[in-house]
1. Just for segment 75-97: of the residues that are free of Cβ contacts under 8 Å to residues at least 40 places away in the same chain and in a helix (DSSP H, G or I), which one is surrounded by the most Cβ atoms within 10 Å (Cβ to Cβ)?
2. Looking only at residues that are among the polar types (S, T, N, Q) and without any contact (Cβ under 8 Å) to a residue 60 or more places away in the chain in segment 98-113, which one is surrounded by the fewest Cβ atoms within 10 Å (Cβ to Cβ)?
3. Output the residues belonging to segment 1-43 that are surrounded by 14 or more Cβ atoms within 10 Å (Cβ to Cβ), over 14 Å from N93 (Cβ atoms) and small (G, A, S).
4. Could we say that L51 is at pLDDT 85 or above, touching a helix residue (DSSP H, G or I) at 6+ places or on another chain (Cβ under 9 Å) and more than 17 Å from G123 (Cα to Cα) here?
5. Take segment 17-58 and flag every residue that is assigned to a helix (DSSP H, G or I), more than 11 Å from the chain's Cα centre (by Cα), under 27 Å from Q75 (Cα atoms) and hydroxyl-bearing (S, T, Y).
6. Residues being part of a helix (DSSP H, G or I), in contact with a helix residue (DSSP H, G or I) (Cβ under 9 Å, 6 or more places away or on another chain) and not aromatic (F, W, Y): count how many of those fall in segment 106-121.
7. Filter segment 59-74 for residues that are among the hydrophobic types (A, V, I, L, M, F, W, C) and assigned to a loop (DSSP other than H, G, I, E, B) and give the result.
Amino acid sequence: MLQALLIVIILWIVWTVGMYFWTSFNLKQNATVLESAAFEKQSHGGQIIDLRDGADFKAEHVLGSRNIPATMLLQNASAIRKDKPVFFVDSNNQVAARVVSKLKKQGYTDMYVLKGGFAKYEGKKK
């Protein structure tokens, strides 16, 4: 019994670490990951898309951002323009990794992601 529990714990750790590295790799392949200060500075004039759910967005969000939950955006990417830079905010970069991967396949090229998600953002909020 103890061995089974130990195996489950080890598998969970391997899975968690693997997902972290996959997310980091996927983001770097499909978008530019920006620290908070660079994100705030470079996002002026671009489309800031908050991928979190509506309740989190309403509680607090990056000033000037639009809320398009990832599930909606993955179903209909036409809500954002290809000719303007797109800046994504999510909770932990895992959602953004999936979104930028799909959008890259649809021809989006100028994409940026806030490193560490909304919790790491130190710029202007509403």
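The values are calculated or read from the model by the stated rules, or taken from the named source; none is laboratory data. Just so you know, these numbers come straight off a predicted model, no measurement behind them. Positions of Cβ are backbone-derived with ideal geometry, glycine not excepted, and every protein chain shown enters the neighbour counts.
1. So the residue we want is A77.
2. Let us first name the residues in segment 98-113 that are among the polar types (S, T, N, Q), namely 101, 106, 109.
Keeping just the survivors that are without any contact (Cβ under 8 Å) to a residue 60 or more places away in the chain gives 106, 109.
Details: Q106: 9, T109: 11.
Out of the qualifying residues, it is Q106.
3. Scanning segment 1-43 gives A38, S43.
4. Details: at pLDDT 85 or above: yes; touching a helix residue (DSSP H, G or I) at 6+ places or on another chain (Cβ under 9 Å): yes; more than 17 Å from G123 (Cα to Cα): yes.
Answer is yes for this residue.
5. Scanning segment 17-58 gives a single hit, Y20.
6. Step one: filter segment 106-121 for residues part of a helix (DSSP H, G or I), giving 118-120.
Now narrow it down to the ones that are in contact with a helix residue (DSSP H, G or I) (Cβ under 9 Å, 6 or more places away or on another chain): 118, 120.
Imposing the further condition that a residue be not aromatic (F, W, Y) reduces the set to 120.
Looking only at that region, the number is 1.
7. Just the residues of segment 59-74 that are among the hydrophobic types (A, V, I, L, M, F, W, C), to begin with: 59, 62-63, 68, 70, 72-74.
Within segment 59-74, L63, I68 meet the criteria.
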